[in-house]
Structure formats: C-alpha cells, structure tokens
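Take a look at the structure set out below.
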Amino acid sequence: MRWTQTYIPTLRDDPAEAEIVSHKLLVRAGYIRKLAAGVYNYLPLMQRVLLKITEIVREEMNAAGAQEILMPVLHPAELWQQSGRWSSIGKELMRAKDRHDRDLVLGGTHEEVVTYLIKGEVKSYRQLPLNLYQIQNKFRDEIRPRFGLMRGREFIMKDAYSFDKDESSFKESYQKMLDAYFKIFKRCGLETKMVESDTGAMGGKAAHEFMVIVDTEGGENIIFFCDRCDYAANMDKASSVEIDPPQEEDSEKPLQKVSTPEVKTVEEVTAFLKVPARKLAKTLLYKADGKIVAAIIRGDRQINEVKLKNTLGCIHLEMADAETVERITGAKVGFAGPLNLKRVTIIADEEVAHLKNFVTGANENDFHFVNVNPERDFKVDQVAQIRCAQEGELCPQCKKGKLSTSRGIEVGNTFMLGTKYSQALGATFLDSDGEEKPFIMGSYGIGITRTAQAVVEKFHDEKGIIWPASIAPLSVEVVPLNVGEERQSKVAFEIYQMLKENHIETLIDDRDERAGVKFNDADLIGLPLRINVGAKSLKENKVEICIRKTKEVLSIPQNEVVEKCKKLLTKL
Ligand code: ATP
Ligand code: MG
C-alpha cells in the first residue's frame, strides 16, 4: 500500500474527546473516527486489524467445532418478551419501531434468536452437541459509552451458542470454548486471566470473564486474585473473609439515643462518637422493582450492588433519592437506621448480623442510636454477603492466601446458561430414552473491537502504538527518507515490491514529507518493522531495519531485507 493512496489521517495533537491512552492513539494515528457517542468509523488501518482478529477468531472457533452463521440484527420484540429480557435488560436494550408501530430490537446478543432458530428443527439428541457462532455488529444503549471502542453503543462481537443434551456433554463444550478463548487471545498477543463473574441479565448458573491485566485507566474492571491458590473473580463476584475479625463483646448493652447535630457521614459520626468505622452500620435505601429495601453494611465497607440485586432477586435496583429517604425515614439523608423502619425489607450483611453494640442512624434529624443489636432492636429479613471484597482480606476459596487486586479489560465472556432460554422459548429435543428435554445451553462472547483497543492499551509507548505482528494492519513500513532523491525512491520501491511478492504486507511512505514527520507517523501507527532507505546507508548498499517494539536498529544489506524481515516477524 502506498501512503499517498491510503486514507491514514494522522493528527498531531490528542483529540479532546479521548480520556485513555488507547483511545487517543487510535484517533491520532488515523484508525478511528467518531460519528456519535459510542459509534465509530473504522478507517482502513483499523479495518485491517479487525479483519485479522476476526480471522484468528474464525480459525479457532472452527477448529473447536463451532459453525459460522449470520443472524439478523433486527429482532421482533416478541422473542425478547418471551425470554423476559424485554423488561429485565431495561434501557440498554436498543429498541426501534417499524412503520406499523411494531416493536423491534437491534440485537445486542442473540440467545433468543439462536434458540428460536433451532427450535423445532434440531429434534434429536443425535444432532447434538451443536455450536453456532457469528461475527457481527451489536447494539447496546450503554448508559455511559466511553473510552472509544472499549464501551461502544455499536460494536463488533463474536457470539457463539452451544446446545447440549446433558450436563456432562455441556461441560465438554464449555471447556472447548475456554481452551479456544485462551488460544485466540494469545494469538492476538494478549495474555488473559480467566475470572469468575456474575451472570447478570444473561441469567444461568455461572460465568467467566477473560481479562487483560493492565495498569492504566483503561482497565475498567477490578479483579481480585489469591496469592496462594487459583481463585480469581471480578469485583461484582469476589467474596472474601476478614483477617482476624476482632472478638465481639459478649453482652448486649442497653440501647441509647444520642444527639449528633449535623453529624452525617461515617467519618463525621465515628469522629464525633469516638468509635471505629467497623462499629457503625450504614443503612442504604434502595428501590428494588419499586419496593423500598434497606441494605445494612459496616461503616468501613462498600456496598456491592450486584450481590444485593442477586440476594433480592429483583430486576431493577437503584438507590433511593433524597426525597424518598426523607419520606421513609422521616429524617434527612445521613440519619437513616434500621430501627422502626416500617414496610421496608431489611437485608443485613453477614458481618452486621454478627456485630454487637454498634451505632446506626436514628431516623430522626441529628440523632443516632448507640449499642444497637440486631434481632433485639430490629428485625433482619435476610442475611447475605452484600459488601465488596477488599484487598488484603483472606481468599474465600483456600482461606489462607491474601487477596490482591488489579485492573482489567474484559475482552471475552462465557456463560453457563443452563435451560433458561430453551425453557422460556420451549426449545426441546428427544433424548435417547425418548424423553423430551430442553437444550442445555452456553453462550460465549468476544468483543472484537474492544480486543483491538485492549491491545493498544497494553502495547504502546510515548510515541505511539506497538502492534503485535499477528494483528498489525501491515507488517512493514518502508520509508524513503527523501522521495525526491531518485536512487532512494527507486530502492525503496524495489524493496516494497519484493516484500509484497513475498507476501509480506507492506506500506511505503511515498509522501513528499520530511524524514522526521514520516518517522513520527511510523511510530504512531505502530507497524512492527520500519525500513529506512537513506543516502548514507545506500552508499554501502544497505538499509536500516527498525524494530518498533525493541527500538533496535539493524543495518542490513539490501538483498537480505526480505529474509531478515520474515525472520524478525515470526518473533514479534
Ligand atoms: P461489560 O461488563 O464490559 O459491559 P458484558 O458483560 O456486558 O461486558 P457480554 O454481554 O458478555 O459483555 O459481551 C461479550 C463481549 O463483548 C464482552 O466480553 C466485551 O468484550 C464485548 N462488549 C460488551 N459490551 C461492549 C461494548 N459496549 N462495547 C464494546 N465491546 C463490548
Ligand atoms: Mg455490559
């Protein structure tokens, strides 16, 4: 490819819209352009990267026995109503209407459609297992589209769906996908960590996420690891055990109401009453499917809304607004407590259930209770772990190792769906014993566009992107330092031609620009190898090969360039 004939609109400055480094680089290096929030154009270099990732995904999915299909983006709403997700996904579901005012969905995932597809057609256990996948644009009305391709409203996903006759066969199918995922990401240059995750609106029994560990802001997820065993879970899912919990007092002291004028936050209350935060219980009010719920956790803990939602089994959960808090508690925000709360379901974190003589709000302006004890002073409807795990706590699996955290980018997700969708849509088969049974399903996603950007977030330096050779848009960039010089230009084009003939994808920067400008652009777009063709080395019939990743510069005789590039590329 010739630069002068390719659309690579590089920019000198960082785009104002971008917050994280990979987003800045993709815009600056002329890979992507924004159309609307979370909606992007993929320019020629980006499209080449995406096709490379797609091809790797395709090869590994096919090798794992999955078959590629293409399902519609446009779905009738009825299917989503049947599965219950028309309402449970809420606003993230991208909806549309046709000319007859019929509701439609722009697919963000295809469990309903694929189940409907095979329903009534795959009839016998003999046709199983079956795994169908596709690579397609997905639509999700994300509440906060951001970080470029990381969280788009339209993005490219590979989604696969497995159908099995029983649990043991499903286990094999699931494992095949996990193995394929590790291979796919590795081939894209990424080490991934598989972590336990929440099943969320997808439903089903268990789920795993594939995380790329990064130490930059682009890592939206917090992942917990055990330093002793293989336990790894994301923030939503991670549980933990407190190290050396202090001995609780034996006796329950008499309840007391104390004046705490304008003392509202945990910090203020603990300072005012001279108690540690762990001897205070925070009361957080939520609306769960319209009903008011009070969640009680220790003052030194953070609430985990995913755990709370799962405990309640509700579809919509949101924090109650100040007005609701005042109406329910009769006091300003900051003085809520579990005592005398009427018509409110009380969920206590397991730590609170064991706590004695602690502090809570009094549901009265400027007052708190001290020496509160659960059951004696208020009724708990349910006890569950509803707090976030914290770094340094004990691992819930081995109970010996300590938990540490890192940031991660979720590039893939696998779900054990069980029979949630096959049952909801009545998709069944006849088993060998003649019995009609619902399919056992799995669903497996990879964010193609997010993976591409995750690679940039992981591999870059102050000058630009550093693509792994496997998914680089092209492998080599040939730079004649001065296209005006006949010999340089001639040799550069000869090398370009030779590389192409040897099936090495090559870009030649044939612009009439200063060498410095071309070098900067070359570093920015990040192809693995750059060949400088300049007057000085040509005197010895040599050219320079610059390795983007290691910054090494090799002086190579002109006639050895192709072989050298081939060799270098296998290692990059
Ligand atoms: P997240 O927790 O990041 O919202 P998710 O759990 O909703 O992801 P899945 O429904 O499992 O994601 O989708 C499969 C894969 O698609 C994800 O692992 C991710 O790589 C990608 N993906 C999901 N949402 C987006 C998005 N809004 N933009 C780009 N890629 C996405
Ligand atoms: Mg999501």
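The values are calculated or read from the model by the stated rules, or taken from the named source; none is laboratory data. Quantities reported herein were computed from a predicted structural model and do not represent experimental measurements. With ideal geometry, Cβ positions are generated from the backbone for all residues, glycine too; neighbour counts draw on all protein chains shown. Keep in mind that these areas ignore ligands, DNA and RNA; they rest on the heavy atoms of the full protein, side chains included. Shrake-Rupley method; radii C 1.70, N 1.55, O 1.52, S 1.80 Å.
Checking each residue in segment 348-373 for being closer than 19 Å to Glu252 by Cβ, open to solvent by 20 Å² or more (accessible area, probe 1.4 Å) and within 41 Å of the chain's Cα centre (by Cα) picks out Glu350, Glu351, Ala353, His354, Lys356.
Within segment 148-178, the set of residues being over 24 Å from Ala63 (Cβ atoms) and within 13 Å of ligand 2 (Cβ to nearest atom) comprises Met150, Arg151, Gly152, Arg153, Phe155. For segment 59-87, a residue qualifies if it is among the aliphatic types (A, V, I, L, M) and touching a Phe, Trp or Tyr at 6+ places or on another chain (Cβ under 8 Å), and the qualifying residues are Met61, Ala66, Ile69, Val73, Ala77, Leu79.
Name the single residue, out of those in segment 323-335 being closer than 14 Å to Pro261 by Cα and within 38 Å of the chain's Cα centre (by Cα), that is least open to solvent (accessible area, probe 1.4 Å). Among residues in segment 323-335 that are closer than 14 Å to Pro261 by Cα and within 38 Å of the chain's Cα centre (by Cα), the one least open to solvent (accessible area, probe 1.4 Å) is Phe335.
Remark: Ile184 matches the filter, which requires a residue to be surrounded by 18 or more Cβ atoms within 10 Å (Cβ to Cβ), β-branched (Val, Ile, Thr), more than 14 Å from ligand 2 (Cβ to nearest atom) and outside any strand (DSSP E or B). Restricting the first member to segment 395-420 and to residues that are within 16 Å of Arg450 (Cα to Cα), and the second to residues that are in a loop (DSSP other than H, G, I, E, B) and open to solvent by 30 Å² or more (accessible area, probe 1.4 Å), the beta-carbon pairs closer than 9 Å and six or more apart or on different chains are Arg407/Asp215; Arg407/Thr216; Arg407/Glu217; Arg407/Glu220; Gly408/Glu220; Ile409/Glu220; Glu410/Glu220. Here Val476, Val483 are screened, and the one residue that is among the β-branched types (Val, Ile, Thr), modelled with pLDDT under 95 and over 22 Å from Thr192 (Cβ atoms) is Val483.
The set of residues from segment 538-572 being among the polar types (S, T, N, Q) and either part of a strand (DSSP E or B) or surrounded by 19 or more Cβ atoms within 10 Å (Cβ to Cβ) (or both) comprises just one member, Ser555.
Within segment 337-349, can one find any residue that is assigned to a loop (DSSP other than H, G, I, E, B), outside the structural domain of Met150 (by TED's automatic domain parsing) and either among the small types (Gly, Ala, Ser) or more than 22 Å from Ile292 (Cα to Cα) (or both)? There is at least one residue in segment 337-349 that is assigned to a loop (DSSP other than H, G, I, E, B), outside the structural domain of Met150 (by TED's automatic domain parsing) and either among the small types (Gly, Ala, Ser) or more than 22 Å from Ile292 (Cα to Cα) (or both). Inspect segment 226-240 for any residue being among the aliphatic types (A, V, I, L, M), within 16 Å of ligand 2 (Cβ to nearest atom) and assigned to a loop (DSSP other than H, G, I, E, B) and give the result as yes or no. Within segment 226-240 (the criterion being among the aliphatic types (A, V, I, L, M), within 16 Å of ligand 2 (Cβ to nearest atom) and assigned to a loop (DSSP other than H, G, I, E, B)), the answer is yes, since at least one residue qualifies. Looking at segment 148-167 only, could you name the residues that are part of a loop (DSSP other than H, G, I, E, B), more than 15 Å from ligand 1 (Cβ to nearest atom) and not acidic (Asp, Glu)? Listed by number, the list holds a single entry, Lys165. Of the residues making up segment 440-467, those that are open to solvent by 20 Å² or more (accessible area, probe 1.4 Å), outside any strand (DSSP E or B) and more than 16 Å from ligand 2 (Cβ to nearest atom) number 5. Quick one: is Asp300 away from ligand 2 (no atom under 16 Å from the Cβ), of a type outside the set (Phe, Trp, Tyr), assigned by TED's automatic domain parsing to the domain that holds Glu318 and part of a loop (DSSP other than H, G, I, E, B)? The answer is yes for Asp300. From the set of residues in segment 180-222 that are of a type in the set (D, E, K, R) and within 12 Å of ligand 1 (Cβ to nearest atom), which is nearest to Met150 (Cα to Cα)? Once the filter is applied, the top-ranked residue is Glu220. Considering (1) touching a residue at least 24 places away in the same chain (Cβ under 8 Å); (2) open to solvent by 10 Å² or more (accessible area, probe 1.4 Å); (3) more than 16 Å from ligand 2 (Cβ to nearest atom), the lone condition that Pro480 does not fulfil carries the number (2). In segment 107-137, the residue that is nearest to ligand 2 (Cβ to nearest atom) out of those that are part of a strand (DSSP E or B) and open to solvent by less than 40 Å² (accessible area, probe 1.4 Å) is Gln136.
Exactly one residue among Tyr174, Tyr181 is at pLDDT 95 or above and within 30 Å of Asp433 (Cβ to Cβ), and that residue is Tyr174. Has segment 229-240 got at least one residue that is of a type outside the set (D, E, K, R), touching a helix residue (DSSP H, G or I) at 6+ places or on another chain (Cβ under 9 Å) and either more than 28 Å from Ile409 (Cβ to Cβ) or at pLDDT 95 or above (or both)? No - not one qualifying residue is present in segment 229-240.
Here Gly189, Gly204 are screened, and the one residue that is within 16 Å of ligand 2 (Cβ to nearest atom) and more than 16 Å from the chain's Cα centre (by Cα) is Gly204. Quick one: is Ser169 surrounded by 22 or more Cβ atoms within 10 Å (Cβ to Cβ), over 29 Å from Phe147 (Cβ atoms) and not assigned by TED's automatic domain parsing to the domain that holds Arg301? No, not satisfied. Taken together, Leu527, Leu507 contain a single residue that is assigned to a strand (DSSP E or B), under 22 Å from Val27 (Cβ atoms) and open to solvent by less than 10 Å² (accessible area, probe 1.4 Å), which is Leu507.
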